[in-house]
Amino acid sequence: MKKLIDTLQVIDNKRLNKEFFVLLLQSDKQLPEILPGQFVQVKVEGSPRTFLRRPISVYDVDYSQQSISLLIKIAGDGTRQLSKLIPGEKLNIIYPLGNSFSKPSDNRLLLIGGGTGVAPLLFLGKYLRKQYNIVPEFLLGYRSKDLAIELEKFEEIGKTYITTEDGSLGHKGFVIHHPILFDEKKEINMIYTCGPEVMMKEVAKYANNKNIACEVSLENLMGCGIGACLCCVVDTIDNGNVNTCTEGPIFNTKQLKWQI
Ligand SMILES: Cc1cc2nc3c(=O)[nH]c(=O)nc-3n(C[C@H](O)[C@H](O)[C@H](O)COP(=O)(O)OP(=O)(O)OC[C@H]3O[C@@H](n4cnc5c(N)ncnc54)[C@H](O)[C@@H]3O)c2cc1C
Ligand code: FES
């Protein structure tokens, strides 16, 4: 798939809470096809310490408006600078990068996300409905209620289960503790997950024990995003060390050398 370097206009910058914001960007050209799980490499202007582009998953795409949304958490200088963008300003991105989540073999799907890991899952959920008429279910985990973002967007797509670490919303605990995972009547045939690595490893272990196929979206540190710097490698069963930015970020957990 061809990669583009494009300068998009900031249409909106919506602050959701103290940590998260959503950037809405519009291109003056026809957008290329963008698949769920793919990401963009954002050039951060005005932040001398942010030399390298920053990888951010695609949160939503509207081809009728030529627009892309990014859900971003302020983690350091680069993302803080992005949080200050105002409508009318420009943002340079390289996209669409990486591979995408695979097509499911049936409709018993659970999409499990934590923190910013919910971003690619919203896009995946919308895509599954539109492309395959599949209604997925979500299991989303947050530290507390005030960090649970844009839940209505997930609920519009499919049933959404919530956990919070402090119990201020939904089930108290981590996603891996939610009762839906222990409901013997619940059939799950495929899990797609994105979030902190420790969470994804727990989800992978659960899926492995239950013999459920599981795909993860890895958020390894990245430099170039296009396979040149080798700073994002991950060890795989079949092919040894591969670049997460080009061979991933989506991997079937059976491909990864994870102790699960
Ligand atoms: C494929 C991919 C998709 C991503 N999608 C999103 C997304 O949709 N929304 C979002 O908010 N973030 C996403 N990230 C993480 C995001 O790229 C980092 O948070 C960002 O680069 C931090 O830049 P910074 O300059 O603000 O912080 P820095 O000053 O570079 O770092 C601040 C802190 O964040 C940590 N950090 C930096 N990069 C990462 C990373 N890749 N994963 C975890 N911790 C990191 C650093 O170790 C440091 O502790 C994604 C990362 C990858 C690889
Ligand atoms: S980020 Fe440079 S090779 Fe992957």
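Nothing in this text is a laboratory measurement; each read-out follows from the coordinates by a stated rule. What you are looking at is a predicted structure, and each value in this text was computed from that prediction instead of being measured. Neighbour counts run over all protein chains shown; Cβ positions are idealised from the backbone, glycine included.
Exposed loop chymotrypsin sites (Phe, Trp or Tyr not before Pro) only (DSSP loop, at most 12 other Cβ atoms within 10 Å): please give the longest stretch of the chain free of them, not including the sites. No qualifying site falls inside 64-260, the longest such stretch. Classification of segment 109-217 by its C-alpha gyration tensor yields a rounded form. The axis ratio a/c (a ≥ b ≥ c) stays under 1.5.
Phi angles of segment 182-187 translate, via the Karplus equation with coefficients 6.51, -1.76, 1.60 and θ = phi - 60°, into HN-Hα couplings of 10, 7, 5, 7, 7, 9 Hz per residue; Gly and Pro are given as x.
Placing unit charges on the Cβ atoms of the charged side chains and taking the dipole of segment 109-217 about its Cα centre, the candidate lying farthest along the positive direction among L151, N209, V175 is N209.
The phi-based Karplus calculation (6.51 cos²θ - 1.76 cosθ + 1.60; θ = phi - 60°) puts the 3J(HN,Hα) values of segment 95-110 at 6, x, 10, x, 8, 9, 4, 7, 6, x, 8, 8, 9, 8, 10, 10 Hz, whole numbers, x for Gly and Pro.
Take every Cα pair under 8 Å whose residues are at least 6 apart in sequence, average their separation, divide by the length of segment 4-97, and the relative contact order is 42 percent.
In degrees from 0 to 90, rounded to the nearest 10, what is the angle of the helix 197-210 Cα long axis to the longest principal axis of the chain? Compared with the principal axis, the helix lies near 30 degrees.
Of all aspartates and glutamates in the structure, the ones whose alpha carbon falls short of 20 Å from that of K14, not counting any fewer than 8 places away in one chain, are E45, D60, D62, D77, E89, D146, E150, E152, E155, E156. Over what distance in Å are the Cα centres of segment 141-200 and segment 46-84 separated? Centre-to-centre distance over Cα atoms comes out at 24 Å. Report summary: the helix-based calculation at 222 nm, which adds -39500 (n - 2.57) for every DSSP H run with n ≥ 4 and divides by the residues of the chain, gives -5000 deg cm²/dmol. Taking only Cα atoms, what is the 0 to 90° angle, nearest 10, from helix 118-132's long axis to the longest principal axis of the chain? Its long axis makes an angle of about 80 degrees. For segment 109-217, a simple Cβ point-charge model (Lys and Arg +1, Asp and Glu -1, everything else neutral) yields a dipole of about 200 debye relative to the Cα centre. Taking amide hydrogens as placed 1.01 Å from N in the peptide plane, the amide H of V233 sits under 5 Å from those of T244, each at least 5 positions away in sequence or on another chain.
Placing +1 on each Lys and Arg Cβ and -1 on each Asp and Glu Cβ, with no other charges, gives the chain a dipole about its Cα centre of roughly 220 debye. When the C-alpha to C-alpha distance is required to be over 18 Å, the pairs from K201/K254; K18/K159; K73/K172; K73/K130; K43/K73 that qualify are K18/K159; K73/K172; K73/K130.
Within the straight-line cut-off of under 16 Å between alpha carbons, the aspartates and glutamates reachable from K210 are D183, E184, E187, E202, sequence neighbours fewer than 8 places apart in one chain being disregarded.
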